[in-house]
1. Probe radius 1.4 Å, ligands and nucleic acids ignored: give me the carbon and sulfur share of the accessible area of segment 576-692 as a rounded percent.
2. Tell me which DSSP H helices of the chain clear both cut-offs, 24 Å or more of axial length from alpha-carbon atoms and a mean Kyte-Doolittle hydropathy of at least 0.5.
3. Enumerate the residues in segment 455-477 having an amide nitrogen under 18 Å from the point lying 7 Å beyond the Cα of residue 422 toward its Cβ.
4. With n ≥ 4 as the cut-off for DSSP H runs, can you work out [θ] at 222 nm for the chain, using -39500 (n - 2.57) per run divided by the number of residues, rounded to the nearest 500?
5. Where in segment 760-828 are there GluC sites (Glu not before Pro) that are in a DSSP coil and have at most 14 other Cβ atoms within 10 angstrom of their Cβ?
6. Mind checking the full-extension length gain between residue 545 and residue 279? Use 0.36 nm per residue of separation minus the Cα-Cα distance, one decimal, nm.
7. Could you tell me which of the pairs 300/684; 188/684; 112/372; 45/300; 112/684; 45/188 are separated by over 24 angstrom between their Cα atoms in the structure shown?
8. Could you tell me, in Å, what Rg and Dmax come out for the Cα atoms of segment 647-732?
Amino acid sequence: MTNCNTTCPYCGVGCGVSAEVENDRVIAISGDRSHPANFGRLCVKGSSLAETLVEDGRLLHPLLGGERLAWDPALDLVADQLRSTVARYGPESVAFYLSGQLLTEDYYVANKLMKGFLGSANVDTNSRLCMSSAVSGYQRAFGADHVPCSYEDLEHCDLLVMVGSNAAWTHPVLYQRIAESKQRNPAKRIVVIDPRRTASCDLADLHLAPRAGSDGFLFAGLLNYLQRHGLVDRDYVAAHTEGFDAAVQQAAPQTPAAVSRASGLSVDELEQFYRLFGESDRVVTFYSQGINQSATGTDKCNAIINCHLATGKLGRPGCGPFSITGQPNAMGGREVGGLANQLAAHMNFDRHLELVRRFWQAPAMASRPGHKAVELFQAMDRGEIRFVWIMATNPAVSLPDTAQVRRALQRCEFVVVSDCVHDTDTAAFADLLLPACGWGEKDGTVTNSERCISRQRALVPPLGEARPDWWMVTQVARRLGFADQFPYEGAAEIFSEHARLSGFENDGQRDFDISALADLDREQYDRLAPSYWPCPAAGAPVGPAQGHFFTPTGRARFVSAAPALPEPASSDRAPLQLNTGRLRDQWHSMTRTGRVPKLMRHRDFFSISLNPADAAALGIEADSLVAVENSRGRLTALAQLDSGQPAGQLFCPIHWNDQFAGAACVSQLIPALTDPVSGQPQSKYTTVALRPLATTSWALLVSRNRLPPPRLPYWSSLRLTGGYLTLLADNSSEGGTDTAAYRHLLAAVARETDAELQYHDSAGGDFRLIGVRKQRVEYALFANRRRDHLPDRDWLQSLLAREQPPDYRLLRGVDADGETTGPTICSCWEVGEKQINQAIANGARSLESLGAQLHCGTGCGSCVPELKALLQAAADSDQAVPLVARAGLQ
Ligand SMILES: Nc1nc2c(c(=O)[nH]1)N[C@H]1C(S)=C(S)[C@@H](COP(=O)(O)OP(=O)(O)OC[C@H]3O[C@@H](n4cnc5c(=O)[nH]c(N)nc54)[C@H](O)[C@@H]3O)O[C@H]1N2
Ligand SMILES: Nc1nc2c(c(=O)[nH]1)N[C@H]1C(S)=C(S)[C@@H](COP(=O)(O)OP(=O)(O)OC[C@H]3O[C@@H](n4cnc5c(=O)[nH]c(N)nc54)[C@H](O)[C@@H]3O)O[C@H]1N2
Ligand code: SF4
Ligand SMILES: [Mo]
């Protein structure tokens with residue numbers, strides 16, 4: 001058994017992971033105690049990583065039109081297609097679409113091939129949907145994409161403002177670090193700004209729930225307040241900034257009363273927040289997609305930065321505007337120039353074209369920026385882009401207006417997709433599928449949110465014929481005649497070249513400099529400990545901590561812009577707002593987390609959340625079926641009532657797609673509206689109509705094998721140990737159960753069975769069917785007019801594991817000892833809501849006693865807000881008893 005340190009491939013916290021490997025298998029995962037991001041902690045996604053290393057669903061061989069192909073002809077084909085497309089239609093007719101989930105080395109090579117050797121800058125990345133407004137905000141203010149904060153600042157600040165971030169679920173380990181720092185320093189204040197009451201509000205001293213998209217007003221109002229109340233740090237402003245007067249003038253109309261009108265917050269709430277900001281010595285504003293994913297996201301980032309500049313709360317410990325990154329290597333992508341409007345090593349088209357050309361000895365350097373993600377797929381839809389290579393992202397799910405994206409992919413003449421899994425919504429459009437090494441197989445570096453470069457190390461051999469992405473690109477480059485400039489045999493050489501470029505003719509002028517790491521040999525690279533940049537080979541770095549910025553004057557800039565409320569696309573003027581985002585245990589399009597049964601227990605089937613008052617007004621009941629629609633499309637979902645959801649706004653998770661549910665891909669409703677500076681789409685806002693859908697029949701189906709997508713108004717499927725569980729709803733037959741639809745769905749698997757057990761009460765709409773094969777349950781379907789008459793999920797799952805031969809008694813749908821746990825709250829210890837409520841009923845009154853009895857909340861801690869809510873609900877109902885009793889006495 002060997003122990004190997006590596007890095008988690010999910011969120012931008014970038015936790016160090018220790019893996020125990022035996023016989024080429026990862027047998028245990030734990031947090032790396034020496035890693036400065038997490039000091040041994042992991043969240044449930046990280047600690048379930050070993051369970052994602054399964055062959056099930058993996059793409060194992062190159063596939064051309066679904067047929068297996070060897071690597072050599074596959075790579076020849078990519079090179080031929082690139083060469084002939086460029087020859088016929090010019091370099092702008094080809095594109096790469098990359099991802100913040102690639103390693104720095106993959107990213108570097110792809111960017112180099114496209115921008116230096118194919119002559120086009122049509123290489124963009126899913127980071128456009130994620131970080132690009134934050135990048136533009138920093139560039140405008142500081143003259144460079146410099147994140148001036150570290151995780152320790154989150155611990156050391158007196159006030160933490162979390163804006164548009166649900167870190168309790170999306171950056172759980174960091175959230176735990178924040179929670180612990182608050183415990184150590186009870187005077188620390190936390191303000192959460194989010195239209196929804198999220199799990200992250202658990203730590204908040206103040207939760208501000210502004211109207212969607214009104215944050216620009218909030219922060220312009222803050223600047224105005226700081227100015228009017230003498231809270232500006234005049235010395236800092238005079239010494240280190242420019243543009244202050246214009247920004248203050250621009251913000252002058254944003255009085256508390258005006259901001260109150262725009263945001264819906266009370267003047268009192270606003271002044272409370274403003275005072276806290278102005279009077280706290282050390283303040284970090286921590287912001288994420290509630291700010292970035294907006295058509296005015298860049299201005300919002302600058303409105304936040306302005307307030308830090310005005311008060312000098314920047315460049316010293318415990319201070320700063322901190323954009324937290326989402327993906328594991330969002331930062332690495334920015335460093336290698338993965339965005340179409342950047343060059344490698346944080347360089348740009350205006351100033352550094354010649355320098356990069358010389359360093360690469362590039363024969364065909366792109367001379368101007370290429371298409372940004374949304375534009376890129378629009379150009380493809382117009383027929384201008386004829387070749388695209390998509391790596392490590394799922395644009396058919398994640399870009400706005402997915403119908404248009406899918407049409408563009410259909411139209412594009414040659415679509416190459418490299419991915420680790422076989423079935424994705426994007427792979428369905430690929431001409432050629434290339435099998436990529438996934439986490440645990442690939443080798444390279446990632447940079448986390450606080451500029452810490454860590455190694456992801458290969459732990460096990462690749463499955464099938466999977467290869468690293470950098471290898472594929474290198475092989476194609478060589479076939480195009482660039483063998484000399486693409487000599488790489490391993491990630492170490494690529495990293496070294498990348499590090500050399502960062503220092504090339506730099507002389508302290510460029511912020512991104514990691515030239516101290518340029519001379520690592522392969523062994524030193526293998527052993528590389530987490531390292532922060534900047535780390536120049538010579539001299540000490542100079543930056544905001546020294547009062548220096550990367551603008552021509554060396555001063556930071558105030559950027560003034562009038563705030564604006566978001567607009568839906570004009571065709572979408574519908575009554576409700578649609579907000580989108582993440583759930584605790586899922587990662588994006590679920591290609592990996594959706595394979596881990598344990599992670600499918602926190603939220604099981606595709607649902608949207610809405611406020612109970614909206615539901616009542618529309619006649620929608622909890623857990624019933626609804627349609628969410630606008631001019632672009634329609635989703636069919638279960639309604640989850642949530643009082644934390646503001647009235648008038650729905651929240652839809654981004655995770656479900658055609659692989660897991662019918663009509664569930666929320667980005668089909670999102671218009672392709674983008675920020676004019678950054679090109680980032682407004683993924684958090686549009687408008688929709690909502691209505692209840694009648695259901696005549698509900699069914700739960702457990703099956704050993706995956707079934708073809710059901711043709712029913714609603715279905716949502718999840719992975720169980722040893723099979724799948726699908727929830728189905730029908731509205732086709734008046735008053736009864738259309739058994740034909742269910743039988744049709746099961747047709748393929750029914751052929752394989754030896755026997756069927758059946759019960760049908762057509763008057764009651766009750767239909768039960770169990771398929772038996774070799775004395776085992778092959779599938780079991782229970783349908784009823786009422787969903788609450790269906791058997792329990794755990795009982796259904798237990799059918800797949802049953803040893804005894806199935807008999808008619810199973811059709812009852814319950815067992816004598818059918819104990820259930822309810823939805824999982826604590827995924828680390830797999831503790832369900834029913835167990836927790838039982839323990840509370842038996843007297844557990846604190847987190848500590850729940851932890852002592854059930855272990856819940858003692859693992860990664862991200863369920864703590866939900867545990868507290870259950871404890872609170874019990875406390876509230878305890879209080880309700882005397883109230884009711886008193887009422888009875890009167
Ligand atoms: N579990 C999990 N963790 C993840 C990911 C995942 O898929 N799953 N993905 C990773 C990635 S790539 C990213 S980018 C990050 C994203 O991390 P976050 O940004 O924290 O996550 P989101 O859920 O997208 O959005 C955050 C919050 O923005 C709020 N919001 C919406 N509109 C507004 C608004 O107008 N103003 C304000 N102030 N808030 C608003 C939403 O209600 C939501 O609660 O998460 C990373 N971590
Ligand atoms: N409406 C709405 N839309 C959004 C968002 C939102 O909040 N709301 N958030 C946006 C944000 S912030 C993001 S980051 C995007 C994320 O959206 P995507 O990037 O589209 O989502 P993923 O599911 O992470 O896709 C990654 C793909 O790469 C594969 N993969 C993993 N590792 C590797 C590898 O090493 N090599 C290769 N070749 N493939 C690999 C995975 O199997 C998966 O298919 O979604 C964006 N879209
Ligand atoms: S917080 Fe969780 S998902 Fe993010 S890097 Fe750490 S273990 Fe991975
Ligand atoms: Mo992201």
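The values are calculated or read from the model by the stated rules, or taken from the named source; none is laboratory data. Computed from a prediction, not measured in an experiment: that's the story for all the values here. Note that we place each Cβ from the backbone using ideal geometry, even for glycine, and neighbour counts take in every protein chain shown. To get the accessible areas, we keep the full protein, side chains included, count just its heavy atoms, and leave off ligands, DNA and RNA. Shrake-Rupley method; radii C 1.70, N 1.55, O 1.52, S 1.80 Å.
1. Ligands and nucleic acids excluded, carbon and sulfur give 50 percent.
2. Details: long enough: 71-89 (27 Å, -0.16); 864-889 (38 Å, 0.53).
The answer, listed by residue number, is 864-889.
3. 462-467
4. -9000 deg cm²/dmol
5. Working: sites: 778, 803, 819; in loops: 803, 819.
In loop regions of segment 760-828 (DSSP not H, G, I, E or B), the sparsely surrounded GluC sites (Glu not before Pro) are 803, 819.
6. Numbers: separation 266, 0.36 × 266 = 95.76 nm, distance 2.14 nm.
That pair, residue 545 and residue 279, stretches by 93.6 nm at full extension.
7. 188/684; 45/300; 112/684; 45/188
8. For segment 647-732, the Cα radius of gyration and maximum Cα-Cα distance read 16.5, 50 Å.
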